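Please treat every number below as a calculation from the coordinates, not as lab data. Everything numeric here is computed off the predicted structure, so don't read it as measured data. All Cβ positions, glycine included, derive from the backbone under ideal geometry; neighbour counts span all protein chains shown.
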Amino acid sequence: MVYELTVARTNINSILSQGNQPTLEPDKEGSLTAQGTFYEYIGLDKDKPQSDLIYNPHIIENAQGNFESLEVTFNQKAVPSLQNVKLRLSIINNEWKCVYNPSANDQWDQSLNVQNCELQT
């Protein structure tokens, strides 16, 4: 999962640096956004994540329709204490920030804190 998210983040950086909009939908690749830029596929398919540990990846946009965050959820193949935990990678003031929320998991163990990632309750 770490590899998949690291690659996605690198791809998002590249896409945004070219003034385009990242997408989780391969079929949108090259199509125009409402802002007149292009969608570029980040290599992480919202319907078929390549990792057995995540599901429901989605991109969150701000009010202007620009990229704000990538959020994924740990799925049922993860260890029980990580299942349904949400992890969000956001760009704030031109820097990546990681936040995770374990509130949907009643087996969450505080010893499993995600390194370099802020706990959100």
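Report the charge-dipole magnitude of the range 21-121 in Debye, nearest 20, computed about the Cα centre from +1 at each Lys and Arg Cβ and -1 at each Asp and Glu Cβ.
So the magnitude is around 140 debye.
DSSP loop (so not H, G, I, E, B), at most 16 other Cβ within 10 Å: list which trypsin sites (Lys or Arg not before Pro) in the range 11-82 pass both filters.
Values: sites: K28, K46, K77; in loops: K46, K77.
Passing sites in the range 11-82 are K46, K77.
Would you work out if the range 65-121 is rounded, prolate or oblate? Take a ≥ b ≥ c from the square roots of the eigenvalues of the alpha-carbon gyration tensor; rounded if a/c is under 1.5, else prolate when a/b is larger than b/c, oblate otherwise.
Prolate, since a/c reaches 1.5 and a/b exceeds b/c.
Can you give the calculated 222 nm mean residue ellipticity of the chain, where each DSSP H run of n ≥ 4 adds -39,500 (n - 2.57) and the sum is split over every residue, rounded to the nearest 500 deg cm²/dmol?
-4500 deg cm²/dmol
Angle check, please: helix 2-17 long axis (alpha carbons) against the longest principal axis of the chain (alpha carbons), in degrees 0 to 90, nearest 10.
Helix 2-17 sits at roughly 30 degrees to that axis.
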